[in-house]
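The values are calculated or read from the model by the stated rules, or taken from the named source; none is laboratory data. This one's a predicted model, so the numbers in the text were calculated from it and none came from an experiment. Methodologically, a virtual Cβ is constructed for each residue, glycine included, from the backbone with ideal geometry; neighbour enumeration extends over all protein chains shown. Calculation scope for accessible area: heavy atoms of the full protein, side chains included, ligands and nucleic acids excluded. Shrake-Rupley method; radii C 1.70, N 1.55, O 1.52, S 1.80 Å.
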Amino acid sequence: MKSSDEQKLAEAGAGLEDIVACNSEICCIDGTNGRLVYRGYDVLELAEKSTFEEVAYLLWYGCLPRVTEFKAFLDGFTGSMKLPVETTMILRMFPKAATPMEVIRTAVSSLGHWDPDSGNTGLDACLRKAQRLTLRIPLLVAAHQRLREGLEPIKPVPGHGIAFNFLYTLQGKEPDPLVERAFDVALILHADHELNASTFAARVTAATMADIYSSVTSAIGTLKGPLHGGANMEVMQLIDEIGSPQRAERIILEKLAGKLKIPGFGHRVYRCEDPRVSVLRDYARTVTAHTGRSIYFQITQEIERVVIEQTRVFPNVDLYTASLYTAMGLPRELFTPIFAISRIVGWTSHILEQWANNRLIRPRAEYVGPADRLYLPIEDRSR
Ligand SMILES: CC(C)(COP(=O)(O)OP(=O)(O)OC[C@H]1O[C@@H](n2cnc3c(N)ncnc32)[C@H](O)[C@@H]1OP(=O)(O)O)[C@@H](O)C(=O)NCCC(=O)NCCS
């Protein structure tokens, strides 16, 4: 007879599905009704009216800033918008074959060595580190991409936000205002998503009282997988494989018949369409038309139609980011790093929340291996 503790352990399904692992005041997902809320504000309203910097303030400090608070915040923020020279030196040393996601995992970890608050574990210092990471990750992703293309990294323009400066330091020209706004909205929509796999990884590391850089490095490694942040890149591969809207139905049906998962669909929590999809779909439609790349949008719509008709599995945040980012001229290897450019705000908010009321995260495993085996000397083992 199993004890009730053992029974609970056995019931904890693979993937910790529906297990509540902590209390959080940061983000709420209503997976039945398709609602996403940051600190009490509906993400759709934030996407319409706010900016990524204001949302970052909201997630870190728990409230929207007043005018003077926001000005002081942005002034401090702009001052940190530069990469340590050592980081650029490190970026030059990576092998050509290293992917952007591998590079940012390693380079973000190394940033901790050149943080002036390194070793200071006070709340203010940790907030400054969170903000430095938020400013430096986009610069790092852009600088590495330029080096891969044989170009020199360029400096950000003071007084502009993260969306502008990521696109500027990557592409070497001021972004089109529509593209900049669409990118800013994509950053807002990806900024947090409750206990997704990478945020959970960040909280597990933080709960050991390891430092913020170690916690964020855990999160980046977790984001990299195709079942999490890597899916947006795979959507673009699928769009390219399909090539034209007319071919979408046949190819998707073949994949479904082969029991393959279609990237950009399905979610552990949403049982309906992910609320972020409607905003991203609208921007993908507008930006692909604006930049003469509507074909990518049309193919995505066909994929969406066939997958929903066949499976009743709904699109997730990654489906329309693929065509949207491609229409902005962003290479697909950067899609997952872009996820990190936004989610760093959510990761660091959760790390700070974890530390505010910390308890080591240490679950149990139900042992299902062999029992009571006899140790035989090596020469007596038949197998
Ligand atoms: C996100 C994901 C990992 C969630 O997985 P999960 O919660 O473990 O859900 P499951 O894999 O058990 O799927 C439940 C059912 O929906 C189906 N399904 C889920 N995602 C699907 C997809 N992308 N394409 C086709 N069918 C899918 C499964 O085949 C399964 O059907 P079944 O019950 O008939 O076997 C999964 O949906 C997936 O792999 N999606 C593609 C990758 C992706 O877009 N990831 C980004 C997530 S934001």
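Computed from backbone phi, the HN-Hα couplings of the stretch 181-189 come to 5, 4, 5, 4, 5, 4, 5, 4, 5 Hz, rounded to whole numbers (Karplus: 6.51 cos²θ - 1.76 cosθ + 1.60, θ = phi - 60°; Gly and Pro given as x).
If you sort Asp282, Asp30, Asp115 by accessible surface, 1.4 Å probe, largest first, the order is Asp282, Asp30, Asp115. Close Lys pairs in the chain (alpha-carbon distance under 20 Å; sequence gap of 8 or more, or different chains): 9.
Looking at the stretch 304-353, what % of the alpha carbon pairs are farther apart than 17 Å?
Numbers: 658 of 1225 pairs.
Counting every Cα pair in the stretch 304-353, those more than 17 Å apart make up 54 percent.
Calculate for the chain the 222 nm mean residue ellipticity that helices alone would give, adding -39,500 (n - 2.57) per DSSP H run of length 4 or more and normalising by residue count, nearest 500 deg cm²/dmol.
Values: 17 runs with 222 residues, N = 383.
Roughly -18500 deg cm²/dmol at 222 nm, from the helical runs in the chain.
In this simple spin-label approximation, Ala72 and Ser244 carry label points 7 Å from Cα along the Cα→Cβ vector, and these lie 6.1 nm apart.
Taking 0.36 nm per residue of sequence separation and subtracting the Cα-Cα distance, how much length would be gained by fully extending the chain between Asp282 and Leu256, in nm to one decimal? Don't skip to the answer; put the middle values down first.
On the way: separation 26, 0.36 × 26 = 9.36 nm, distance 2.67 nm.
Length gained, Asp282 through Leu256: 6.7 nm.
At a probe radius of 1.4 angstrom, the accessible area of the stretch 41-104 per residue rounds to 53 square angstrom.
Rg over Rh for the chain works out to 1.00, both radii taken from alpha-carbon positions and Rh defined as the Kirkwood radius. Here the contact order of the stretch 231-327, divided by its residue count and restricted to Cα pairs under 8 Å and six or more residues apart, works out to 44 percent.
The Rg/Rh ratio of the stretch 231-327, with both radii computed over alpha carbons and Rh defined as the Kirkwood radius, is 0.94.
Loop-located trypsin sites (Lys or Arg not before Pro) in the stretch 89-120 (DSSP state not H, G, I, E or B) with no more than 14 neighbouring Cβ atoms inside 10 Å: Lys96. Counting only heavy atoms of the protein chains and using a 1.4 Å probe, Val306 has close to 0 Å² of accessible surface. Computed with a 1.4 Å probe on the full set of protein chains, the accessible area for Asp211 sits at about 70 Å².
Amide H to amide H distances under 5 Å link Cys27 with Arg39, where only residues 5 or more positions off or on other chains count and H is placed in the peptide plane.
Across the stretch 372-380, computed HN-Hα scalar couplings (Karplus, 6.51 cos²θ - 1.76 cosθ + 1.60, θ = phi - 60°) run 6, 7, 8, 7, 9, x, 4, 6, 9 Hz from first to last residue, x flagging Gly and Pro.
Each residue of the stretch 167-178 was assigned a 3J(HN,Hα) from its phi angle through the Karplus curve 6.51 cos²θ - 1.76 cosθ + 1.60 (θ = phi - 60°); the sequence is 5, 5, 6, 8, 9, x, 8, 4, x, 4, x, 5 Hz, with glycine and proline shown as x. Label separation (His290 vs Asp124): 4.0 nm, computed from points 7 Å beyond Cα along the C-beta direction.
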